[in-house]
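The values are calculated or read from the model by the stated rules, or taken from the named source; none is laboratory data. It should be emphasised that the depicted structure is a prediction, and the values quoted were computed from it without experimental measurement. Note that each Cβ is placed from the backbone with ideal geometry, even for glycine, and that neighbours are counted across all protein chains shown. The area values use the complete protein model at the heavy-atom level, side chains included, leaving out ligands, DNA and RNA. Shrake-Rupley method; radii C 1.70, N 1.55, O 1.52, S 1.80 Å.
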Amino acid sequence: MLVWMLRKIMADRGIWTGAALSRLLKEKAGYELSAPSISALLKEQPKQMKADTLDALCTALACTPGELWVHTPSQIDGA
């Protein structure tokens with residue numbers, strides 16, 4: 001299972017709001033996301049993501065994709 005860690009990464013960097021994330025994306029990565037898109041990223045794990053968006057998040061937050069998603073093996077009953 002993949003666990004979306006965006007809120008934790010943001011908190012670790014002192015970023016507490018979607019507006020602050022939006023500003024950081026624009027300043028550090030030259031990337032703009034709409035308010036609804038940012039809200040969706042903050043509310044739930046994305047089902048899909050453009051490579052450009054992932055690159056911008058990693059650039060703005062100084063992290064790697066492996067920090068944004070943490071993988072924990074799924075348990076299979078009877079295994």
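On the beta carbon distance between residue 72 and residue 16, with R0 = 30 Å, the FRET formula returns roughly 0.70. In the chain, the portion of solvent-accessible area held by carbon and sulfur atoms comes to 55 percent [1.4 Å probe, whole percent, DNA, RNA and ligands not counted]. Which one, 54, 68, 42, has the greatest fluctuation when you compute a Gaussian network model over the chain with C-alpha springs under 10 angstrom? Judging by the Gaussian network model, the answer is 54. Taking the C-alpha atoms only, the angle from helix 51-61 to the longest principal axis of the chain is near 70 degrees.
Counting only Cα atoms, the chain measures 50, 22, 20 Å along its principal axes, largest extent leading.
Taking only protein heavy atoms and a 1.4 Å probe, what accessible area per residue, in Å², does the chain have with all protein chains in place? Heavy-atom accessible area per residue stands at 69 Å². Taking a sphere under 13 Å around the Cβ of residue 45 and counting the other residues whose Cβ falls inside, with K and R at +1 and D and E at -1, yields a net charge of +3. Using Cα positions and a limit of under 23 Å, work out the lysines in reach of residue 47, with same-chain residues fewer than 8 apart set aside. Cα-Cα hits under 23 Å: 8.
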